[in-house]
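Here's the structure, in C-alpha cells; my notes come after.
The values are calculated or read from the model by the stated rules, or taken from the named source; none is laboratory data. Just so it is clear, the model here is predicted, and its values are computed rather than measured. No Cβ is skipped: glycine too gets one built from the backbone with ideal geometry, and neighbour counts run over all protein chains shown. For accessibility, only protein heavy atoms count, side chains too; no ligands or nucleic acids. Shrake-Rupley method; radii C 1.70, N 1.55, O 1.52, S 1.80 Å.
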Amino acid sequence: MKAIIMAGGEGSRLRPLTCSIPKPMVPVLNRPIMSHIVNLLRRHDFSDIGVTLQYMPEEIRSYFGNGSDFNVHLKYFIEDVPLGTAGSVKNAQDFLDRTFLVISGDALTDFDLSKAIDFHRQKGAKATLVLTRVSCPLEYGVVITGQDGRITRFLEKPSWGEVFSDTVNTGIYILEPEVLDYIPDNQQFDFSKDLFPLLMSKGEPLYGAVLSGYWCDIGDLKQYLQAHHDFLSGLVGLPVNATEIRPGIFVEENVHIDESAGITGPVYIGKGSTIGKGVKVDQFTVIGTGSIIQENASIKRSVLWNNVFIAPGVHLRGAVLGSRVQVHAGSYVYEGVVVGSDSVVRERCVINPDVKLWPNKIVETGTVVRESMIWGNRVPRRVFGMEGVSGMVNVEITPEYAARVAAAFASALGSGASVCVSSDVYTPSRMIKDAVICGLQSAGAQVYSIADGITPMHRFAVRKLKCDGGIHVRVSPRQPNVLNIIFTNHNGGNISRSLERKVENLLMREDFKRAECAQISETRFVSEMPETYIQSLLRKIDTNAIRRAGLGFAVAYDPNCSGLFLEPVCRELNIKLDRIDQPEPAHYPVNWTEYRKLARNVSRLVIERGLSLGVIIDAGADHLALIDNLGRTIQEDMLVALSALMVLRSRGGTVVVPVTAPRAVDLLADKYGARVVRTKTAVQDFYEKLIVHDNGTGNDAERRITQSMLHFDALAAIIKIAEYIATENVNLADFIDEIPTFFMEKKETQVPWEAKGTVIRSLIEELPENNLELHDGVKVYHQDGWALVLPDPEEPICRVFSEGITMEVAESLADFYIEKINQIVGPVKKIV
C-alpha cells in the first residue's frame, strides 16, 4: 500500500507560530508534527509516501527531502491553488495505483493503522474512515455507523443540537483508487463535504473503523500545549527520542545542566542546550535545541522552540516561545502568551496572560504588554452565544474588545460592507456602540448609526437601509451588568453559525482587515429611524378600527426605552395605558425575570378596571407576556400558539414554529387547512425560516404584520392583537379559548461538556429509530406525548422539553429522560 500525507495546511489558528512555517512543521517534542506521522507510517510498513503541499511547500521539502533520512521514499505534489482535501489527493492520482491511506500531516496520533487496513479489506469497502470518540465533538465531523460499521450519517462541525454522536472523523482514510474518479480535476473538492456524501448517494460501500488510541488535531494553541502535556505524560504511544536520565527527565545529546539546577519531570530538553545555575524547570516543559537558560530563571509548563535565549531571573509560566526568541533579565511572561520567532523582550518587561507577539517584534525595556502586538487582546475560542456576544460590562465586554469584534465582523462581510449600528438608551450600551463604530470604520465598513431604540427597530432599520448587516448593543434582558452585542444579517435576523465561526476565526488569528486612510468612511447618522419604524408599523394595521374600539391596556414596561415606542403608538391608536407601579430603571433596565413577576399585579388591574388586556414588555421589546381579559397569563408556549392562531386566521398557508412548540399548533393548522413547519430552537434558524415564508407571500409582506414580527417584535405583536380585537369585535379570551388545551413541562440537568456527545449518542442507540426525530437534539415520540432532549450551547446542562395528554404525563416524561440522562452520565462527576 501507498500513503498520502496532506501537508498543505497553513495553521491560521496557530498564529503567530505559523507565520513563517506551515502547520505540519510546527514542532512537538522538538520535531515537526509531520515527522511523527512519517515515522508512524514507517512502523506500519508504508515506505512509498506522497505528500500534498500548498502553503510554504519549500519548508517541508527542504526538511524531509526525498525521505531517505526517515527510511521512506517521499514524492511531492504541489497545488498552485487550494484544491480542498479531496482535490489535493486527486492531484496525486497517477501515483495512487492501488489501495492507499490518506492521513493529515498536522495531527498527532498513535493509531494502529494496520488494524484499520485489515478492517477495510474485511469489509470490502471502497472507502474507510478512521473514527475515534472525543468528549467535545463541536469542531469535528460527527459520524454515525450501523452495527456492521457502515456509515449511515455524518455532519460537519455541528451545534450541540445536532450532536448525534461523540464518534468523529479523524481525517484518516483508506481508499480504493477508483474513488478518485468521483473527484473533478482542478476544482476545490472536500472529502467530508463533497466526496463522502457523493459516495453514499451512489451506494458505494463506505465504512467507519473506530480506533482507540491517541489523536489530537492540534487545531489551536491550547491543543498544541495539550499535545506536549499528553506526550510527556505517556499518553501518546510514540517513541520519545531522548535519554531518560532520571524518571520523567528526557534529554537529547550534548545537554549541559548545572548541578544546582532544579528539574521536576516530566520535561524534555533538546540537544546542545544549557541549563544554568539555580534554574528551576518545572513539569511539562519542553526546551528546544541550542537554547540557553541562564541563572535563576524559572520555567513552568512552557514550550520553547530552538535557540531560545532566557536571561537571568526570567519567569515563564505556561508560555510558547518561537525560535530565536530572546527574553532579557528580570522579565515575566505569563500563562497563554505566545511569542513569535525572532522577537525580543528586553529587561524587566511583563507580558500579561494570553498576549500574542507576532514574529520580529521588540518589547522595549520596562514595558508592561497588556495587548497583543498586532491588533488587540486575545479572543476566546467561542465568542458567540445564544444572544450574540455577551459579557460583563467593562470586564468581558470592553470598548477595545468590542472594536475588535466589530472589525472582524466587517472583515467577514467583505470589502465596503454597509453596517447598521444601534443601541438601547443606557449609557454602557452607548459606550460600546461608539467602540463598535470605530471598529467597523477601521475595517473599511460604511456605518449607518441610527437613534437609540429597541431591538425590533434595529432589525427593521437593517432592511430599510438595505445594509449588509447590523450590530445592536443592549443591556441583557436576563442578566444584570451584562451586555449583549447582537449581530444581524441583511434580513435583520441573527447571523448564521457559519458567519459566527468566520468572525471567531478572524479574531483567533487576529489578522482582520485594516482600511487605508482613504477607505475610512464618515458615519452616516439616521436620527429619524424611530419615527420611520413606528409609522411602518401603523401602516400595516387597520388604525381606524382600533381607534374606534377605544381599548384599554394594563401595562408594565420600561419608560426609558420600550416606552418611547409603546406610548406614542398607543396614543396614535387611542389605546389607554394604565401603567402599574413598578421599580423605575436607573443605570440598567429591570430584567425579564423581574418583569414576569409583575403578571399578578397586571392581572389584578385588568380585572378591577375591566380593561381589554394586560401587556408586559421588556426594555428592548424582545420579550412579551400578555394577560387576557379574564386575568390569565399568556407567555412562552401559549404565546407561540396564539401567534400561530393569528397567522392561520388571517391568511392560512404555512405557520412556522420552533421544534418545542405544542401539538396544539398542529391541531389548529389542521382546522384551517394549513401546514406547520418546525425549526431549530436557535434564534438564527427560527428567524431565517420565518423570513423565507414571509417573503414567500410576495409584496403582501410589506403591508402586514408578518410571522417574523409576531415572534421577534413585541410592539408589532401587541398592535396586531389589538387589531384582531377591534376588527373581530371579540376579546382576547375568545382567541385563547380556541387554542386546544395542552400540557408542557421543561426541566434541566447538569451534564459535563465532555459527556454531552455521549448522552445524545446513547439516546439514539438505545431508543427505537422510528420514534426519533433528530431535527434539533433528540425528540422522542410516545403514545401519550413527546420529549425533546436538547444540549445547551452555553452551559454544561441538557434541557428536556415534554408534552403530554395530561400534566402528569408531561411531568413523567420529563422526569424519565432526566433520569435517563443522569444514568448515562453515570460516574462522570456532576458540576456543582
Cα-centred dipole magnitude for the range 655-773, charges only on beta-carbon of K, R (+1) and D, E (-1), debye, nearest 20: 140
Across the chain: Cys residues that no other cysteine approaches within a C-beta distance under 4.7 Å: CYS19, CYS136, CYS216, CYS349, CYS438, CYS517, CYS561, CYS570, CYS798
Accessible carbon and sulfur surface of the range 676-804 relative to its total accessible area, %, 1.4 Å: 43
Inter-site label distance for TYR76 and GLU572 at 7 Å from Cα along Cβ, in nm: 6.8
Amide H contacts under 5 Å for TYR140, placed H, 5+ residues apart: LYS157
The range 605-688: relative contact order in percent, alpha carbon pairs under 8 Å with at least 6 residues between: 19
Protection-proxy order for peptides 724-736, 437-449, each taking the mean of Cβ atoms within 10 Å per residue, highest first: 437-449, 724-736
The range 740-817: C-alpha gyration tensor shape, a/c 1.5 cut-off, then a/b vs b/c: oblate
Using alpha-carbon coordinates, inclination of helix 563-572 to the longest axis of the chain, degrees: 30
Alpha-carbon centroids, the range 567-640 and the range 759-821: separation in whole Å: 33
Loop sites in the range 593-643: trypsin sites (Lys or Arg not before Pro), DSSP, at most 15 other Cβ within 10 Å: LYS597
Positive-end residue of PRO247, CYS216, GLN446, charge dipole of the chain with Cβ unit charges: GLN446
The chain: angle of helix 221-232 to the longest principal axis, Cα-based, in degrees nearest 10: 40
Lys/Arg +1, Asp/Glu -1 at C-beta; the range 486-529 dipole; positive extreme among THR488, ALA518, LEU499: LEU499
Most to least packed among 545-553, 565-573, 405-413 [average Cβ atoms within 10 Å]: 405-413, 565-573, 545-553
Cα gyration tensor category, rounded, prolate or oblate, for the range 455-545 with a/c compared to 1.5: prolate
Estimated dipole of the chain in Debye, rounded to 20 [Cβ of Lys and Arg +1, of Asp and Glu -1, Cα centre]: 760
Dipole magnitude (debye, nearest 20) for the range 58-148, charges at Cβ of Lys, Arg, Asp, Glu: 460
Eligible lysines near LYS597 by straight Cα distance, threshold 29 Å, same-chain separation 8 or greater: LYS576, LYS680, LYS720, LYS746, LYS747
Under 18 Å from the GLU371 label point (7 Å along Cα→beta-carbon), backbone N, the range 409-425: 409-411
The chain - mean residue ellipticity at 222 nm from DSSP helices (-39,500 (n - 2.57) per run, n ≥ 4, rounded to 500): -9000 deg cm²/dmol
For the range 283-352: relative contact order, % (alpha-carbon pairs under 8 angstrom, 6 or more apart): 24
Full-extension gain in nm, GLU528 to ASP542, via 0.36 nm per residue minus C-alpha separation: 2.7 nm
Calculated FRET value between ASP185 and ARG430, using beta carbons and R₀ = 60 Å, to 0.05: 0.60
Angle in degrees between helix 683-695 and the longest Cα principal axis of the chain, rounded to the nearest 10: 50
Derived scalar couplings ³J(HN,Hα) [the range 333-341; Karplus, 6.51 cos²θ - 1.76 cosθ + 1.60; whole Hz; x for Gly, Pro]: 10, 9, 3, x, 6, 10, 10, x, 4
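Shape of the chain from its Cα gyration tensor (a ≥ b ≥ c, root eigenvalues): rounded if a/c is under 1.5, otherwise prolate when a/b > b/c, or oblate?
Cα axes put the chain in the prolate bin.
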Among MET529, PRO662, VAL825 the positive-end extreme of the charge dipole of the chain (Cβ point charges): MET529
Cα-Cα over 23 Å, subset of LYS689/LYS779; LYS277/LYS300; LYS433/LYS513; LYS2/LYS222: LYS2/LYS222
Mean-position separation - Cα centroids, the range 442-506 and the range 240-270, in angstrom: 54
Mean accessible surface per residue for the chain, computed with a 1.4 Å probe while every protein chain stays in place, in Å²: 40
Förster radius 30 Å - calculated FRET efficiency between LEU235 and ASN39 (Cβ-Cβ, nearest 0.05): 0.95
